[in-house]
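To keep things clear, I will list the structure first and then write my remarks on it.
None of the figures in this text is laboratory data; all of them are computed from the coordinates on show. This one's a predicted model, so the numbers in the text were calculated from it and none came from an experiment. Here Cβ is always computed from backbone atoms with ideal geometry, including for glycine, and neighbour counts include all displayed protein chains.
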Amino acid sequence: MMTQRTSNGVLNGHNGFRSGSEPDSPNTDSSDSPISGVNSITTGTGSLKINTRRKMNRKKSSPMMPAFMVSAPGKVIVFGEHAVVHGKAAVAAAISLRSYLLVTTRSKSNRTVTLKFPDIDFDHAWNIDELPWSTFQHPSKKVYYHSVVTKLDPELVAAVQPFLADVSPTKEGPIRKVHQNAAGSFLYMFLMLGSQSFPGCQYTLRSTIPIGAGLGSSATIAVCLSAALLTQLRALSGPHPDQPLDEARKQIERINSWAYLYEMFIHGNPSGVDNTVATQGKAVVFQREDYGKAPSSVRPLWDFPELPLLLVDTRVPKSTAHEVAKVGRLRNKHPKLVGSILDAIDKVTQASAEILTEDDFDTGSEECLSRVGELMTINHGLLVSLGVSHPRLERVRELVDHQGIGWTKLTGAGGGGCSITLLKPDVEREKLDKLEEQLDQEGFQKFRTTLGGDGVGVLWPAVLKNGMDEDDQGGMEIDLEKFLSAQGNEGVERLVGVHGGGGEREGWKFWRAENDAQF
């Protein structure tokens, strides 16, 4: 089969990567048909018999897949923290802090698959032929890329465990556990989707998302790996400008379902919200009747606007379980009073979803933004009354209010962690610089980001046009050396960032499923 590219550069047709769901097909090209061992040739003096060698039915070699990248955004909870634990609604939205995964294919003789996450000092390789394919490919276990997998198979989980024993053996306990979780969830998904014929690959990840800050960093890895594997298996179409809305949403659902499997391996019974937002972008309203179980409803807000946001990490370690338990105890002591506070948070959440998806909502209008900002202020005050704020969070609010440049609330469980500030339009540069200088002096970590942006995207091949001299030669190739040598968040975003300091990069494509999607 000839290799073809779609209009956006994503490869269709045979590329040398085969899903375990697709059996080897024999080469039926008539030009390669075998020839019998003896042929008869007629000459002027009679018939001469000659021996001929049987022509081998040789499969044509397949082109190697070029290096490509996928990217997925982190998330923040905008409204509804803690009330969502008690059956109320919450709004979560994508932010433009992202994870970036570079996929490089190795030579055919290199039979290893490697995970390399330099930001957490993780690097490990496995021999593809030594992995437990027989267990995963058994007829009773085999699933296909279009399957909907909603739970882990204990026997398959057990089959992965021996291949985690030598992961990061010199690392301390908590760090090694993080590395083993990442390795185990990857191998589980790799073995379910792939086959032993998979070529050697390296998956290298860089992220601009703070780890452990409640911003969905693990879910972005899950989405990146899901999208990368499905792309390699030719199980995705698009994204491209004329992609039908239903098709785009189907692709999003496929990526999301496999990312959720990755999250299950790490977290056991995750809500599914983080990977959903990281996949589709924009925002969702989610609600669950029983905390600890998957949401009973997740409603996409496809028309959620992009809003300017200042994210501040207090660098105070938080414990979600501790803060949730604290509110639970308070509710048990004062059921009517705390119940009314949770109901009020729910009303704020519902009102915000209505405002943010209004047809005439103007992101450049301070009047429109102030309606959302005021709801953020109310939501924060209600959370303070539940005792889940922290002096460092209140200090951020104090500094922002003093400059008069936006509306601030905590995001996530509280007790530390992060705050978000919706910035007013046309904020004076001097005021913003003064605020950021003060935040730096007091040990906060700040990020200027965008709320409600794109979900998962692909850069195929890994070549960018950044307004540099290389554009005249077709763009700059993002090779492994450039990717690994990028220094910190600024270096990564300058090199490949979809948003951030460098703006959107030409070449990135996204599965956008909003009604007025522009690819």
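With the convex hull of the Cα atoms taken as the outline of segment 366-410, the averaged projected area works out to 2.9 nm².
What would the Debye equation give as log₁₀ I(q)/I(0) for segment 182-291 at q = 0.11, 0.14, 0.19, 0.21 Å⁻¹, counting only Cα atoms as equal point scatterers? Scattering profile of segment 182-291, log10 relative to I(0): -0.37, -0.60, -1.07, -1.25.
Using only the Cα atoms of segment 296-362, construct the convex hull and provide its projected area averaged over every direction, in square nanometres to one decimal.
Numbers: hull surface 28.1 nm².
Value for segment 296-362: 7.0 nm².
Given the pairs K116/K177; K108/K141; K482/K509, which span a C-alpha to C-alpha distance of over 18 angstrom in this model? Numbers along the way, then the final one.
Values: K116/K177 16 Å; K108/K141 28 Å; K482/K509 21 Å.
Those over the limit are K108/K141; K482/K509.
Can you tally the net charge around L432? Count Lys and Arg as +1, Asp and Glu as -1, for every other residue whose Cβ sits under 12 Å from the Cβ of L432. Neighbour charge sum, excluding L432 itself: 0.
Gain on full extension, evaluated as 0.36 nm per residue between R111 and L152 minus their Cα-Cα distance, stands at 12.1 nm. Multiplying the residue separation of K434 and R448 by 0.36 nm and removing their Cα-Cα distance gives an extension gain of 3.6 nm.
Placing a pseudo-label 7 Å from each Cα along the Cα-to-Cβ vector at A125 and E398 gives an inter-label distance of 5.4 nm.
Starting from the Cα coordinates of segment 246-390, work out the convex hull volume and express it per residue in Å³. Could you put the intermediate results ahead of the total?
Numbers: hull volume 20.8 nm³, N = 145.
Dividing the Cα hull volume of segment 246-390 by its residues yields 143 Å³.
Could you work out the local net charge near A83, counting Lys and Arg as +1, Asp and Glu as -1, over the other residues with Cβ closer than 9 Å to its Cβ?
Working: positive: K88; negative: E81, D343, D346.
Surrounding charge for A83 is -2.
Sorted largest first, the spans of the alpha carbon positions of segment 341-435 along the three principal axes are 35, 34, 16 Å. Across q = 0.20, 0.23, 0.26 Å⁻¹, segment 244-290 modelled as identical point scatterers on its alpha-carbon atoms has Debye log10 I(q)/I(0) values of -0.70, -0.87, -1.00, in the order of the q list.
Counting only Cβ charges, +1 for Lys and Arg and -1 for Asp and Glu, the dipole size of segment 325-372 around its Cα centre is about 940 debye.
Each label point was placed 7 Å from the Cα along the Cα-to-Cβ direction; for D360 and A325 their separation is 5.1 nm.
Would you mind calculating the gained length between H334 and V427 on full extension (0.36 nm times residue separation, minus the Cα-Cα distance), in nm to one decimal? Don't jump to the answer; show the numbers that get you there.
Values: separation 93, 0.36 × 93 = 33.48 nm, distance 4.21 nm.
The H334-V427 span can extend by a further 29.3 nm.
Whole number please: convex hull volume per residue of the Cα set in segment 157-224, in Å³? Please list the in-between numbers first.
Numbers: hull volume 8.3 nm³, N = 68.
Output value, Cα hull per residue: 121 Å³.
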